[in-house]
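A quick write-up on the structure given underneath.
The values are calculated or read from the model by the stated rules, or taken from the named source; none is laboratory data. Please read these numbers as outputs of a predicted model, since none were measured by experiment. We place every Cβ from the backbone using ideal geometry, glycine too, and count neighbours over all the protein chains shown. Remember, those area values only see protein heavy atoms, side chains included, never the ligands or the DNA or RNA. Shrake-Rupley method; radii C 1.70, N 1.55, O 1.52, S 1.80 Å.
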Amino acid sequence: MLACITGAAGFIGSHLCDRLLQDGWEVVGVDNLATGDRRNLRDAEASARFRFVEADVAQPWDAWGEQLEGAQRPQLVLHFASPASPVHYERLALETLAVNAAGTMHAVAFATRNAATLLYASTSESYGDALEHPQRETYWGHVNPVGMRSCYDESKRYGEAYVTTAVRKLGIDGRVARIFNTYGPRMDPADGRVIPNFCVAALRGRALTVYGDGSQTRSFCFVDDLVDGIVRFATRAGLGGRVINLGNPDEYTVRRLAEVTARLARVDLRIEARPLPADDPVRRRPDISLARELLGWEPWTTLETGLERTLDYFRSAASS
Ligand code: UDP
């Protein structure tokens, strides 16, 4: 069985490659390395069943698309290519719009040609600064279409619209995973997100930068748990056209996250207050009833366990 993963060198993409290889798949990974890092693929590249194609999936796939097909057609296309942290997508705003619009159109065309299942990596940002809490899949969201985050939020919403319309119009087996905040080894220490920022600062004995008063909430899912949910969603029969939240419903304020990180890193908590970025959602927590029901899935890693592993990763990344 052959799976094609766009965004393979990214944080989640690279863990997905490893997991599918462990499960016996042949995997071809595509990435333009705009925010991904080839070093994330060290484990995957040690396997004879893995191939890497360096390409921008927002551009036409004609020149390299056939390299994605092995001796047989891919059964699975996992479209994970996109900048995903606010710092990255603000810097690469037009590229983010392109990969979720044109990139998704190309991924759908490729999946259609190969009669493959397509899973699109969407986001909790589809809900924007949510007025419903926790967020269920039926909620339509509350998004500023022209704000700083719109290049990400609105392009992911367009990607969702494209995939679900392709299900209706082309009859493809397309699925949309709305992925909530995820963390773990291989996060980019400089991507500006709260967990890498807090871990790196704590390990260097610096103050933790809390934006706003730290009362905003997020729900953090360890990457192994998330990848398990994605594999279940992508491989289970009969889920074409489904939109499913994947995330950990354990909700933390940013302030509480700072306290836990400092405790696990064994440093005294020192906080440096910074202004809250524009359009920063106030509360976020997934309702995962649908994932429980349809996938038999829920996260099992506690924040403490996951943060310990993430701190270990940043410790060893700093010394290598
Ligand atoms: N945040 C923070 N300090 C940081 C980085 C982020 O307080 O050094 C806050 C940020 O304002 C947001 C939350 O942590 O409320 C999560 O931010 P992140 O960039 O990780 O993800 P997202 O906003 O996309 O959920």
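Worth pointing out:
- Debye, to nearest 20: dipole size of the range 128-280, +1 on Lys, Arg Cβ, -1 on Asp, Glu Cβ: 280
- With a cut-off of 13 Å between beta carbons, the residues surrounding Ala111 carry a summed charge of +1, where Lys and Arg count +1 and Asp and Glu -1.
- When each of the peptides 35-41, 272-278 is scored by the mean number of other C-beta atoms lying within 10 Å of its residues, the order from highest to lowest reads 35-41, 272-278.
- Cleavage-rule hits (trypsin sites (Lys or Arg not before Pro)) in the range 225-320: DSSP loop, at most 16 neighbouring Cβ within 10 angstrom: Arg236, Arg266, Arg270
- Amide H to amide H distances under 5 Å link Thr217 with Arg283, Arg284, where only residues 5 or more positions off or on other chains count and H is placed in the peptide plane.
- Per atom type, the chain shows carbon and sulfur on 50% of its accessible surface, probed at 1.4 Å.
- For the chain, the Cβ-based charge dipole about the Cα centre amounts to some 240 debye (Lys, Arg positive; Asp, Glu negative; other atoms uncharged).
- Helix 150-170 axis, angle to the chain major axis (alpha carbon atoms, nearest 10°): 30
- Taking the C-alpha atoms only, the angle from helix 223-235 to the longest principal axis of the chain is near 20 degrees.
- When the helices of the chain are scored as -39500 (n - 2.57) per DSSP H run of n ≥ 4 and the total is divided over every residue, the value at 222 nm lands at -12000 deg cm²/dmol.
- The chain pair-distance distribution - Cα-Cα, 20 Å bins, rounded %: 34, 60, 7
- Here the relative contact order of the chain, from alpha carbon pairs under 8 Å that lie six or more residues apart, stands at 17 percent.
- Seen against the Cα atoms of the chain and their longest principal axis, helix 303-319 is set at about 90 degrees.
- Annotation: amide H-H contacts under 5 Å for Ile179 (H modelled 1.01 Å from N, sequence separation of 5 or more, or interchain): Ser122, Thr123, Ser124, Leu246.
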